[in-house]
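Participant: Pasting a structure here, questions to come.
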């Protein structure tokens, strides 16, 4: 698994940012396998409600999670901006369905502040921290926490 | 201990390889006895020896000691100083087992106490030696070099043995740094090459002379000492060992110094200090390039040498360590094939790309064909790499059976057949335990002791056959023994005692079902728990294991004769043939192993075939009630939940779905996931007409597709929307978030790239709590049967004349049902005939004999062929023609007319019972002329009087009529008791008794018993009339003395029998 810790070094970190339920979130770019827009998703009846379904990604079965639902926000609104962010976790590819993606943001580790207990309605435990940019706040997701069953 | 992982790993692998064959070799040696096969003994000897050689160098003292002692015994056997009898071989076998165990747990091997093994081995060694030499066996000596260094702890016995063979002893000191590492060698290889010219007695790293890191010069030499025995003279050694002469010491007797330590097994002789270990590992820790090449090169040698080798090696790992194997030996030839195929695939891909880029359709087509072909070949080749001969696990049973039968004092021959049948490695690993259990069971419970066997007239030696063979794309494994078999009744009693089933259930069980009770969890027959079996955790675990592999287990046993256990396994788990089905717009795969049959109920019949028992739907399939599970119903709830688009509309939808669910359980179109607006529009449309129906069963507007599946004992119908082809699918694991969705066994990727879920049939049944459904079904069935029990049952054939006229005729007088083309019917005068089996079959229809409608005109005509008076005739009818078993509740009055004996309600239709006999009589009076004559004659020659007991007025009248028509006089009785009274009064008049079996007050059995039990009446023949003659009934009847059985509505046969019994000829 790629590193998810945000160290104290002043090294530059890159975050891929995206919108989900109106909030801007980021994931360390090193955690991301790819971002795609395959939506030929097979429903999985009886799975948890945040499971969007499963997808064939070049021969691998990838579970797609509706990140909005998982974070307790509005479910992702299906439109042309939707993307799957495929992350690698425990030797498994998992897709996060998001409303749309935004820029890659460069930041220094020390600029990331601890997450408050609640960011825009999302529990603080899902975040590693928040990054304040000139325009807005980016919640940096803790992938391990988000992908917990 | 030595800490270079790679060298150590190599040593372990090699050693395990050496051990691979040993078991079977030893068993062969044992069989041969004094008649020693030197090659085999040498094989085993060398194995022990090589293991010992490496162990010394690795610092694996326990392994070294043990293998050393094994080697001693083997050496004696080799020199024919010892006869390998069964006890000695047992000790050796145990020793090698322990050795393997040690090798598999190398980290803790030095802490294992093997003194028992060593003691046993030593006592064998000693026993073969003359008194004066016995002491030597456990004597340990040190070898002291001229410079004062010591090579400690060598067995004097061994040294003496080599000296006796005329070999020279050397102590060769390699330097791990200069002689080995710098020359790109590795210690194991050095040892191996030395083995070619002589024998390594011992090897070690002399850490004492390494010095410490703090010394100024640093460690520039790590002596690796090998004590070596060879016929080679000292002069030649320099060239041979490729090291300077100063490091080769010839060992003379005076260098061998006795030590006081004698008990080597308890005290590990040599443990390097931590520091030393580090030093050693630093130096040797260089990966050798050759290493990479060695493993693939091996199998080839092995395959040519001996096929058994790699097999048994694997089996060991399976039995001894629970860890699944992580590496696999693959034939190099197969790897080459794979490589070639990969090459071809790349070429074809290039062609395909070119074709696509240049829009060359022809080229694209060609290359896609090639790719198709290559893929299949590739798939097959890759599968082959996973396939392992079943001999891997079967072979070890020789040992298991040998050991167990010795332990239990039984004599058993094990025959193994079909060793080269191949199975996927995963399956092979997984069936090992269940199979071991079954074989142990056979030995322990199946085969009797020689004494018992001889008493039963069997040969004293039992026989267990392990047979593997391919059948219908599956691997079959049969374990049969000729032992005492399973006693179904004892099993049933045991099961009842343990509270696993009720006595009532037992009554309904067949022998086979009773036997299969032993597969229930918690079942045990053993009176006492033995070492071998009887803990009550057994067969159910076996069943679970086998079922989890997609296999099936079946039992068959004859008490006194033996037991057959048959296991059917899929060839592989990775690719499985499956039936593709769909519900909504998703496809689901049903593994073929679970699939029994496919059932399609046409829309018109859905209403009559599907019944409701409580809340559950059942379908009647060949007389059995099959619970139905509606996949769409199980899945749609969650799907709707899942669909985020519909989140807002959820309550609305749910109501809608609930609505639909109660009326119609099959959703033909996408009724589950509503994504597009036009589909939504469709729904009201398709729903409206359905809502009008006030039918709480399945709606009858579409045909119903059912996959009849079985999961273990459960059999149920899975209702799906569509049934597609059967396809081979590749099972892919699903992610961890879906692990708790037990309804799926995995997922697969379909031809169009979409993912389809694979259904887990047994979990689905559990989820649906089908057990209760099936119980409900059974209760309903039982209740129904009970209701029927009081009445007479009869097998009827139902058919129609015109669409609305329902008829039935007794099934037992029906010969066949044929479908003919209407055009082939010929009209001859008034008579319709059809050419049939070389003759003309007269055809009739009901409208000819009674006031019914004429048959509707159709292209095809269903004809029921009856046989009466040895002549066949056909009755033309309108389908559906169906066979039923019903309780006869006949109304003889209301709808009585010619050729109709009465009416009853069958499946909610008033159904007329056709009296075929009467019909034929009307149509063909000529056929009966002879009968009339016989009847007349009989009446003349003095009447024969029949006593006829029958409670059903319908049957009483029917049977009485045709008896009288044949010239008999009939005394009627309404039940057994009346018959008995009548008989007492008129015993002298009555010639024969005909009785129904099931009657109130006194049944036919009791009546017969009384007749046969009283000398006054016992001369009377008793013919029993039944509607359904079951084996159990017949048996019961025979016991009380019933002479013959006849079926009620089979007039001809009954009359023939009566005549025969009364010695009347026609």
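Participant: Out of all the residues in segment B:404-428, which are in a helix (DSSP H, G or I), in contact with a helix residue (DSSP H, G or I) (Cβ under 8 Å, 6 or more places away or on another chain) and either closer than 24 Å to residue B:26 by Cα or at pLDDT 85 or above (or both)?
Facilitator: Residues of segment B:404-428 in a helix (DSSP H, G or I): B:404-408, B:425-428.
With the extra rule that they be in contact with a helix residue (DSSP H, G or I) (Cβ under 8 Å, 6 or more places away or on another chain), the set shrinks to B:404-406, B:408, B:425-426, B:428.
Selection gives B:404, B:405, B:406, B:408.
Participant: Pairs please, first residue from segment B:938-954 and under 14 Å from residue B:1022 (Cβ atoms), second anywhere and at pLDDT below 75 and in a strand (DSSP E or B), Cβ atoms under 7 Å, 6+ apart in sequence or on different chains.
Facilitator: Qualifying pairs under 7 Å: none.
Participant: Looking for whichever is within 28 Å of residue B:187 (Cβ to Cβ), under 42 Å from the mean Cα position of the chain (by Cα), modelled with pLDDT of 80 or more and buried (at least 17 other Cβ atoms within 10 Å of the Cβ) here; the options are B:106, B:63. Which one fits?
Facilitator: B:63
Participant: Is it the case that segment B:79-96 has a residue that's in contact (Cβ under 8 Å) with a residue 24 or more places away in the chain and under 17 Å from residue B:162 (Cβ atoms)?
Facilitator: yes
Participant: Run residue B:319 past the list (1) more than 26 Å from residue B:432 (Cα to Cα); (2) at pLDDT below 90 and report the number of the one that doesn't hold.
Facilitator: Going through the list (1) more than 26 Å from residue B:432 (Cα to Cα); (2) at pLDDT below 90, residue B:319 breaks only (1).
Here is a yes/no grid of residues against (1) over 30 Å from residue B:448 (Cα atoms); (2) in a strand (DSSP E or B); (3) modelled with pLDDT under 75; (4) within 14 Å of chain A (Cβ to nearest Cβ):
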| position | (1), (2), (3), (4) |
| --- | --- |
| B:536 | no, no, yes, no |
| B:557 | no, yes, no, no |
| B:566 | no, yes, no, no |
| B:577 | yes, yes, no, no |
| B:582 | yes, yes, no, yes |
| B:604 | yes, no, no, no |
| B:611 | yes, yes, no, no |
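Participant: Separate question: In the list B:756, B:743, B:713, B:747, which residue meets the criterion of being at pLDDT below 85 and within 11 Å of chain A (Cβ to nearest Cβ)?
Facilitator: B:743
Participant: If I ask for residues that are surrounded by fewer than 17 Cβ atoms within 10 Å (Cβ to Cβ) and under 19 Å from residue A:55 (Cα atoms), which ones from segment B:709-742 would you list?
Facilitator: Residues satisfying the conditions are B:730, B:733, B:736, B:739, B:740, B:742.
Participant: Now for a separate question. If we only count strands (runs of 3 or more DSSP E) wholly inside segment B:897-1008, which ones have 1 or more residues that are assigned by TED's automatic domain parsing to the domain that holds residue B:804?
Facilitator: Qualifying strands (runs of 3 or more DSSP E): B:900-906, B:909-914.
Participant: All but one of (1) at pLDDT below 80; (2) crowded, with 19+ Cβ neighbours inside 10 Å; (3) under 19 Å from residue B:72 (Cβ atoms) hold for residue B:38; which doesn't?
Facilitator: (2)
Participant: Next up: Would you mind listing the helices (runs of 4 or more DSSP H) fully within segment B:478-525 where at least 1 residues are under 18 Å from residue B:540 (Cβ atoms) and over 22 Å from the mean Cα position of the chain (by Cα)? Give the steps one after another, and end with the answer.
Facilitator: Values: elements: B:488-497, B:503-507, B:511-515.
Per the criteria, B:488-497, B:503-507.
Participant: Residues of segment B:858-896 being outside any strand (DSSP E or B), surrounded by 13 or more Cβ atoms within 10 Å (Cβ to Cβ) and over 49 Å from the mean Cα position of the chain (by Cα), which ones? Quick ask: steps written out before the conclusion?
Facilitator: Let us first name the residues in segment B:858-896 that are outside any strand (DSSP E or B), namely B:858-859, B:869-870, B:889-890, B:892-896.
Next, only the ones that are surrounded by 13 or more Cβ atoms within 10 Å (Cβ to Cβ) stay: B:869, B:889-890, B:892, B:895.
Hits for segment B:858-896 are B:869, B:892, B:895.
Participant: State the number of residues belonging to segment A:84-98 that are under 11 Å from the mean Cα position of the chain (by Cα) and over 18 Å from residue A:13 (Cβ atoms). Walk me through how you get there before you give the answer.
Facilitator: Pass one, segment A:84-98, residues under 11 Å from the mean Cα position of the chain (by Cα): A:84-87, A:94-98.
Then drop every residue that is not over 18 Å from residue A:13 (Cβ atoms), which leaves A:84, A:86, A:94-98.
So the answer is 7.
Participant: Follow-up question, since we're still on this one. Any idea which residue in segment B:728-740 is nearest to the other protein chains (Cβ to nearest Cβ), counting only those that are part of a strand (DSSP E or B) and within 22 Å of the chain's Cα centre (by Cα)?
Facilitator: B:730
Participant: Confirm whether residue B:768 is modelled with pLDDT under 75, under 28 Å from the mean Cα position of the chain (by Cα), surrounded by 13 or more Cβ atoms within 10 Å (Cβ to Cβ) and within 14 Å of another protein chain (Cβ to nearest Cβ).
Facilitator: Working: modelled with pLDDT under 75: yes; under 28 Å from the mean Cα position of the chain (by Cα): yes; surrounded by 13 or more Cβ atoms within 10 Å (Cβ to Cβ): yes; within 14 Å of another protein chain (Cβ to nearest Cβ): yes.
Considered against the rule, which asks whether it is modelled with pLDDT under 75, under 28 Å from the mean Cα position of the chain (by Cα), surrounded by 13 or more Cβ atoms within 10 Å (Cβ to Cβ) and within 14 Å of another protein chain (Cβ to nearest Cβ), residue B:768 comes out as yes.
Participant: Right, something else. Can residue B:773 be described as at pLDDT 80 or above, closer than 21 Å to residue B:547 by Cβ and either out of contact with any helix residue (DSSP H, G or I) (no Cβ under 7 Å at 6 or more places or on another chain) or not in a strand (DSSP E or B) (or both)?
Facilitator: Criteria not met by residue B:773.
Participant: Moving on. Mind checking which strands (runs of 3 or more DSSP E) fall wholly inside segment A:29-144 and carry at least 3 residues that are touching a helix residue (DSSP H, G or I) at 6+ places or on another chain (Cβ under 9 Å) and within 14 Å of chain B (Cβ to nearest Cβ)?
Facilitator: It comes to A:51-57, A:60-66, A:83-89, A:92-98.
The values are calculated or read from the model by the stated rules, or taken from the named source; none is laboratory data. Everything numeric in this text was worked out from a predicted model, so none of it was measured. As a convention, Cβ positions derive from the backbone with ideal geometry for all residues, glycine included, and neighbour counts pool all protein chains shown.
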